Amino acid sequence: MRRYQVIKDRFLENRIFLSRTVILFAFMLLLVAGLVSRLVYLQVLGHKRYHNMATNNRIKVTSIPPTRGIIYDKHGRILAENLASYSLELIPDQVTDMEETLQRLQLALSIPPEKIAAFNKQRKHYKHFDSIPLLLQLDKTEVAKFAVLRHTFPGVDIHARLLRHYPYAELTAHLVGYVGRINERELKTLPEAEYRAMHTIGKTGIERAYEDVLRGHAGYAELETNAQGKPISELGRIDSIPGADIYLTIDMDLQRTAYDALADYNGAVVALDLDTGGVLVQVSKASFDPNLFVTGISYKDYDRLNNSKNKPLFDRVLRGQYPPGSTLKPFIGLAGLEYGVASMQQTLFCPGYYRLPNKDHKYRDWKKWGHGKVNLDDAITQSCDVYFYDLSLALGIDKISTFLHKFGFGQKTGIDLKGEKSGLLPSREWKRIHREQVWYPGETLITGIGQGFTQVTPLQLARATGTLAKQGNIITPYLAERIIYENRAAEVEHPIQKQIELKFGNVQDIINAMVHVVHSPRGTAKRIAKGIDYQIAGKTGTAQVYTVKQDEEYDEAEIKFNMRDHALFIAFAPADNPKIAVAVIAEHGSHGSSIAAPIAAKVIKEYLGMENKQ
Amino acid sequence: MKVELRAEQFKEHSLIGGLLRQLHVDIPLLIGLFLLLLMSFMMLYSTGNKETALLIRQAARMGIAGILMIVLAHVNPRQFQRYSIPLYSLGVVLLLAVLLVGDVGKGAQRWLDLGLFRFQPSEMIKITTPMMVAWYLAGHDIPPKWRHIGVATLFILIPTLLIVRQPDLGTSLLVASSGASVLYFAGLSWRFLLVTILGLSALAPLYWQFFMREYQKDRVLTFLNPEADPMGKGYHIIQSKIAIGSGGPYGKGWQGNTQSQLDFLPESSTDFIFAVFAEEFGLVGCLGLLAIYLFIIARGLYIAVQAQDTYSRLLAGSLVCTFFVYVFVNIGMVIGILPVVGVPLPLISYGGTSMVTLLAGFGILMSIHTHKKVLPN
């Protein structure tokens, strides 16, 4: 330290700096010499080797696409598979005049201009020497036609590719979903390595929700190619890992029964296996053929589907939001019992209408002359509106929303599919925020009979029904039961079921009333009770689409079809040991009892019949 | 007094010479930089598929950076010294802001969105860190005492660690070396240097274990053995070597590259542009390019030695040294003797931010050289 004391003078400082600079520059020259020697090694000594690698033989890394996993129903019937198909493909680097080639191909094979447009769009994103499909699913005559002309089309060839196929088509369209061409937006966010050799991706349903599982992992082949990009030899290879197969909880027999039972009605049927929470039936109608989307749907077909008044592309099970109508009554009744506002013994006289204290407005019952003297059991069996007007008023909207919330109303069910809607459970709070209005007592009344703001999805309704059947054990519905990887099978883990705290006796009273709906001579769904040796608990519902004005007659014949009410039915069976819960919505079916209940009955009877046989 | 002196010079020299003197620019540096930018333009033309939009954007960046350089050349070095602390502090604050609210680009958080444009504070800190260290050391004994070394190290470590967090290994390396070089020029004892280098090497395994991200580890492993995964992570290095090697002694000629044009070489216009250059111009071209770089470095070091006060001298030396680190690390990684870190080839790689900082640095050098208090002779 001491020897530096004197160095406050500039001379020494300059000397230090100069020497440091000289040493540093020498060191830099040494490092640059290192760079130069490496360059000499690469460019002079290794020139021949690298020159060969660069010009005569180029190394190309190609991606090997994995085969997509198969989707099965619970009995192993194939819902989505891969079929070999011939496609016409081009390697742009080997085509000398693209415009001219495409024109000649168009003449030879009659290719629609939209395919050319799609091809040109796809062409922008591909690597050199990649093969890009122009036409998929060539038939035998087209293959033969091209085979003759092949030598006149350098860079164009026929390839065998695997194409996704959905054997049940319309029956599983919304549930299984479909794969489609990867679009530009998706291309930006997808892991490039995995999708390099792929042309499709799961767009909807199971295909989308389980894309990562079904897809598998791409492999690579390192190929030595000539200057034209043709492979000469394979230098190395990492095989692709095929996608996993998925077994769903869906039972295709039941699914078909439900689909057929809906007949000409649009609507939805959901059935849940109450032992597991698995979805047995998930029908949304009108439907469409998902196979159209696999190779890229034509504008015409898409237009037709998109603009159809039946809305076939709309998944009603997950995204259809309907007023629950009277199917909400068992839940309101249970709320009354749980909060101690109602009891099974209390009765009320139903004159066919209800008035709020000091108000003139008449809230009408569906039965013009009224039900007379009714208790809670009667009110559910006969679906008496007046009883529930009175009960809802006694409960108040706060208790109603709190209680219904527990049964999953107004919330997504958490099913393993994407795009689910949450429905709507109104509350004072909700109205203040979304409508900027206070809550009126009259709205409490109509909420109590499932009209007004309340909206449910068919899936929610089925789940709530199952939850009631299982004494408040709340179910999370799911579709994927098992995933079969290459070397192991994995049961899909499902969320732990939660329990709503309810008094056993109360739930039993409501279930009994729901049994009476089907099995009592006065029940609204008594016609479905025939020919079974167990009991079904159910509830009919009619959701208003068209509002009847005060003191106006409701004449069904005069109302146009699309103004007619939706028919609803919820049910579970057997009532004493519930195995299956069903929710049915038939759009514009008018009456739950005549249209929706028989559909649910068919599903239940077939399922429990099967169960007994096994 | 000053004005008279200038007027005298004006008479003695030619018109242009006088004007340039007036402009406070350094002709030899300017020629070297101009050659590099010209080369950059040619390479971009060759790799960017002759896209005019790309060329215009790059030309605009060069223009802006060039103007900044000239402006800085006119600022008296005393001003740099005076504003060392605020500029450094601003840089550190911005780095913190990036960590908190910055944009994520390519998986790392480096950008600050200022509405009109995006700004990379780690670029600015490459200049302000040596400014700060130079200011601090110039105010104390030369060579520095232990405690001054300690404080200076702290000034270096703060921005370096903040950039490591982003994470951006390449830039943190440049910032650290820019600060460390000031210490070197200030006369840090050789023994201390040796001990530090040995110590850091000993800490390397710890750094590997606790600080490096997976992709950074991958890069190092790939560098050590690129053949292990030739289709995946080693692809870059192998393709780069093929491009350089196939160029041979004389190259394939301008625009004659096949490796990059056929898309075999990724990032050919940014970090790996040297590979394209080597493919097109061969060993001869590479030696020429290295000669230009060395010429600029030599001129820069000459300016540093000629500088009149401690601060200017230390800052100038550090800026030149950082420029060299840029060149060496980039070329080293492209030719496969260093692991791949994100450092561009200075003034040639496509991209704006590094060009602005580099030319700003040269602006400071010119300012140091052209603002002299007394003229000898």
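The values are calculated or read from the model by the stated rules, or taken from the named source; none is laboratory data. Note that the coordinates shown come from a computational prediction; the quantities given were computed from them, not determined experimentally. Using ideal geometry, Cβ is built from the backbone for each residue, glycine included, and neighbour counts are taken over all protein chains shown. Each accessible area value is taken on the protein alone, full model and side chains, heavy atoms only, with ligands, DNA and RNA left out. Shrake-Rupley method; radii C 1.70, N 1.55, O 1.52, S 1.80 Å.
Across region A:365-389, the number of residues qualifying as out of contact with any Lys or Arg (no Cβ under 8 Å at 6 or more places or on another chain) and either in a loop (DSSP other than H, G, I, E, B) or open to solvent by 60 Å² or more (accessible area, probe 1.4 Å) (or both) comes to 9. Determine whether region B:337-357 contains at least one residue that is crowded, with 23+ Cβ neighbours inside 10 Å, assigned to a helix (DSSP H, G or I) and within 14 Å of chain A (Cβ to nearest Cβ). Within region B:337-357, not a single residue is crowded, with 23+ Cβ neighbours inside 10 Å, assigned to a helix (DSSP H, G or I) and within 14 Å of chain A (Cβ to nearest Cβ). Criterion applied to A:210, A:195, A:166 was being open to solvent by 20 Å² or more (accessible area, probe 1.4 Å) and of a type in the set (Ser, Thr, Tyr), and the one residue passing it is A:210. Checked against the criterion of being without any contact (Cβ under 8 Å) to a residue 24 or more places away in the chain and under 22 Å from residue A:500 (Cα atoms), the candidates A:340, A:370 yield just one match: A:340.
The numbered conditions (1) touching a helix residue (DSSP H, G or I) at 6+ places or on another chain (Cβ under 9 Å); (2) more than 30 Å from residue A:493 (Cα to Cα); (3) among the charged types (D, E, K, R); (4) open to solvent by 10 Å² or more (accessible area, probe 1.4 Å) are all true for residue A:362 except (1). I'd like to check something: does region A:54-75 contain any residue that is in a helix (DSSP H, G or I), farther than 27 Å from residue A:192 by Cβ and open to solvent by 60 Å² or more (accessible area, probe 1.4 Å)? Yes, there is a match, as at least one residue in region A:54-75 is in a helix (DSSP H, G or I), farther than 27 Å from residue A:192 by Cβ and open to solvent by 60 Å² or more (accessible area, probe 1.4 Å).
In region B:265-283, of all residues being in a loop (DSSP other than H, G, I, E, B) and within 16 Å of residue B:326 (Cα to Cα), the one that is modelled with the lowest pLDDT corresponds to B:270. Count of region B:308-333 residues, restricted to those that are more than 18 Å from residue B:178 (Cα to Cα) and either among the basic types (Lys, Arg) or within 10 Å of another protein chain (Cβ to nearest Cβ) (or both), is 4.
Against the conditions (1) outside any helix (DSSP H, G or I); (2) more than 20 Å from residue A:24 (Cβ to Cβ), residue B:333 satisfies every one except (1).
Quick check, is residue A:308 at pLDDT below 90 and not aromatic (Phe, Trp, Tyr)? Break it down stepwise before answering.
Numbers: at pLDDT below 90: yes; not aromatic (Phe, Trp, Tyr): yes.
Judged against the criteria, residue A:308 is a match.
For residue B:127, the conditions (1) in contact (Cβ under 8 Å) with a residue 12 or more places away in the chain; (2) surrounded by fewer than 23 Cβ atoms within 10 Å (Cβ to Cβ) are fulfilled apart from (2).
For region A:425-443, the count of residues that are surrounded by fewer than 16 Cβ atoms within 10 Å (Cβ to Cβ), under 26 Å from residue A:210 (Cα atoms), of a type outside the set (A, V, I, L, M, F, W, C) and assigned by TED's automatic domain parsing to the domain that holds residue A:373 is zero.
Number of residues in region A:485-500 that are exposed (fewer than 13 other Cβ atoms within 10 Å of the Cβ) and either outside the structural domain of residue A:344 (by TED's automatic domain parsing) or more than 27 Å from residue A:569 (Cβ to Cβ) (or both) equals 9.
Results for (1) among the acidic types (Asp, Glu); (2) on the phi < 0 side of the Ramachandran plot; (3) open to solvent by 30 Å² or more (accessible area, probe 1.4 Å); (4) in contact with a Cys (Cβ under 6 Å, 6 or more places away or on another chain), shown as yes or no for each residue.
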| position | (1), (2), (3), (4) |
| --- | --- |
| A:335 | no, yes, no, no |
| A:346 | no, yes, yes, no |
| A:350 | no, yes, no, yes |
| A:357 | no, yes, yes, no |
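Of the residues screened, residue B:46 is not one that is among the hydroxyl-bearing types (Ser, Thr, Tyr), at pLDDT 90 or above and either assigned to a helix (DSSP H, G or I) or farther than 22 Å from residue B:296 by Cα (or both). Does residue B:294 satisfy the condition of being free of Cβ contacts under 8 Å to residues at least 24 places away in the same chain, out of contact with any strand residue (DSSP E or B) (no Cβ under 8 Å at 6 or more places or on another chain) and assigned to a helix (DSSP H, G or I)? Yes: the conditions hold for residue B:294. Checked against (1) surrounded by 21 or more Cβ atoms within 10 Å (Cβ to Cβ); (2) within 14 Å of chain A (Cβ to nearest Cβ), residue B:140 passes all but condition (1).
Of everything listed in (1) more than 29 Å from residue B:286 (Cβ to Cβ); (2) of a type outside the set (Ser, Thr, Tyr); (3) at pLDDT 85 or above, the single unmet condition for residue B:20 is (3). Only residues that are open to solvent by 10 Å² or more (accessible area, probe 1.4 Å), more than 8 Å from every other protein chain (Cβ to nearest Cβ) and in contact with a Phe, Trp or Tyr (Cβ under 8 Å, 6 or more places away or on another chain) were counted across region B:266-307, and they come to 7.
Would you confirm whether any residue within region A:447-457 is crowded, with 20+ Cβ neighbours inside 10 Å, touching a residue at least 24 places away in the same chain (Cβ under 8 Å), within 16 Å of the chain's Cα centre (by Cα) and assigned to a strand (DSSP E or B)? Show your work before the answer.
Within region A:447-457, the subset crowded, with 20+ Cβ neighbours inside 10 Å is A:447-451, A:454-457.
Add one more test, that the residue is touching a residue at least 24 places away in the same chain (Cβ under 8 Å), and what stays is A:447-451, A:454-457.
From the residues that got through so far, the ones that are within 16 Å of the chain's Cα centre (by Cα) too are A:457.
This time we only want the ones that are assigned to a strand (DSSP E or B), so: none.
Scanning region A:447-457, I find no residue that is crowded, with 20+ Cβ neighbours inside 10 Å, touching a residue at least 24 places away in the same chain (Cβ under 8 Å), within 16 Å of the chain's Cα centre (by Cα) and assigned to a strand (DSSP E or B), so the answer is no.
Collect the residues in region A:395-414 that are open to solvent by less than 60 Å² (accessible area, probe 1.4 Å) and either closer than 17 Å to residue A:442 by Cα or charged (D, E, K, R) (or both), keeping them in residue-number order. Before the answer, list the steps.
If we filter region A:395-414 for residues that are open to solvent by less than 60 Å² (accessible area, probe 1.4 Å), which is where we start, we get A:395-397, A:400-401, A:403-404, A:407-411, A:413-414.
Once the filter is applied, which keeps residues that are open to solvent by less than 60 Å² (accessible area, probe 1.4 Å) and either closer than 17 Å to residue A:442 by Cα or charged (D, E, K, R) (or both), region A:395-414 yields A:395, A:396, A:397, A:400, A:401.
Scanning region B:237-263 for residues that are buried (at least 17 other Cβ atoms within 10 Å of the Cβ), within 10 Å of another protein chain (Cβ to nearest Cβ) and assigned to a loop (DSSP other than H, G, I, E, B), we see that the one that is modelled with the highest pLDDT is B:248. Against the test of being under 20 Å from residue A:573 (Cα atoms) and in contact (Cβ under 8 Å) with a residue 60 or more places away in the chain, the options A:470, A:503 yield a single qualifying residue, A:470.
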